[in-house]
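First comes the structure, then the notes that go with it.
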Amino acid sequence: MGDHDGVKSAMGLRGVIRGRAFKVTTVSNDSQPRPLDLVSRQFRAERPNQLWVADITYVATWSGFVYVAFVIDVFARRIVGWRVSSSLGSELALDALEQALWARKPAEGLVHHSDRGVQYLSIRYTERLAAARIAASVGSKGDSYDNALAESVNSLFKAELIYRRGPWKNREAVELATLEWVDWFNNRRLLGPLGFVPPAEYEAAYHQQEVNPAMVVGFK
């Protein structure tokens, strides 16, 4: 430890470290038909409900691993669906999607992007997207850059909540803490790409601009 690190330790300060031990949550089946990549690593949206990204991460608890699925609206980086489960099955991803659909009620024209995990390529998941008139998109390269925005939210989730408040006893503890973190992330966390405002505020400014453009200054 250098002198600078020693000063920070004496002050009781420490940085948040993003990234620790790795566990595979994406199991792909290359022989299984999959949608085209409609995003090509361009994670940009001009309005809400234009592009969603979805991913699954994991949390180690005293009772074993639990898994957390997120659905994120790219426009404001807002988490619109999430679920926690002890099983890494298709139901986890589907439940998060159902929550997002219920909360957002998207119109036709939405693209849903994910990695090549079997949870997102399952028949039930793809049929649900089709029933909601959502275009499915799957990363073509098979690495983290293909779903980089979702990966970044996972990384923040781990750094800001899981690593800071662990160890975790069980799924119920993770679920309650995730509920609190998602509310904070959406409504109070300041995000640099949004001009250091929370996702909900950024989204509200967009809707206000649509109603009365003259009342919103500096919105992009």
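The values are calculated or read from the model by the stated rules, or taken from the named source; none is laboratory data. If you're wondering where the values come from, they're calculated on a predicted model, not measured in any experiment. FYI the Cβ positions are ideal-geometry reconstructions off the backbone, even for glycines, and counts take in every protein chain you see.
Taking Arg133 as the residue in question, decide whether it is touching a helix residue (DSSP H, G or I) at 6+ places or on another chain (Cβ under 6 Å) and either of a type in the set (A, V, I, L, M) or not in a helix (DSSP H, G or I) (or both).
Judged against the criteria, Arg133 is not a match.
Taking Asp146 and the conditions (1) surrounded by 13 or more Cβ atoms within 10 Å (Cβ to Cβ); (2) without any contact (Cβ under 8 Å) to a residue 12 or more places away in the chain; (3) among the charged types (D, E, K, R), which numbered condition does it fall short on, given that it satisfies the others?
Condition (2) is where Asp146 drops out.
Give me a count of the residues in the stretch 77-122 that are crowded, with 17+ Cβ neighbours inside 10 Å, modelled with pLDDT under 95, of a type in the set (Gly, Ala, Ser) and farther than 21 Å from Phe43 by Cβ.
Selection size over the stretch 77-122: 2.
Criterion first (surrounded by 19 or more Cβ atoms within 10 Å (Cβ to Cβ) and free of Cβ contacts under 8 Å to residues at least 60 places away in the same chain) does Tyr125 satisfy it?
It is true that Tyr125 is surrounded by 19 or more Cβ atoms within 10 Å (Cβ to Cβ) and free of Cβ contacts under 8 Å to residues at least 60 places away in the same chain.
Of all residues in the stretch 126-161 being out of contact with any Lys or Arg (no Cβ under 9 Å at 6 or more places or on another chain) and among the hydrophobic types (A, V, I, L, M, F, W, C), which is farthest from Ser40 (Cα to Cα)?
Leu161
Determine which member of the set Ala103, Ala93, Ala107 is of a type outside the set (Val, Ile, Thr) and part of a loop (DSSP other than H, G, I, E, B).
It is Ala107.
Scan the stretch 145-163 and tell me whether some residue there is among the hydroxyl-bearing types (Ser, Thr, Tyr), at pLDDT below 95 and part of a helix (DSSP H, G or I).
yes
Taking the conditions exactly as written (more than 16 Å from Pro199 (Cβ to Cβ), under 17 Å from the mean Cα position of the chain (by Cα) and among the polar types (S, T, N, Q)), does Asn170 satisfy them or not?
So Asn170 fails the test.
For the stretch 63-73, what are the residues that are buried (at least 23 other Cβ atoms within 10 Å of the Cβ) and outside any strand (DSSP E or B)?
Answer for the stretch 63-73, where residues must be buried (at least 23 other Cβ atoms within 10 Å of the Cβ) and outside any strand (DSSP E or B): there is none.
What are the pairs, 6+ residues apart or on separate chains, where a residue within the stretch 179-203 that is among the hydroxyl-bearing types (Ser, Thr, Tyr) and surrounded by fewer than 17 Cβ atoms within 10 Å (Cβ to Cβ) has its Cβ under 7 Å from a residue that is part of a helix (DSSP H, G or I) and modelled with pLDDT under 95?
Pairs found: none.
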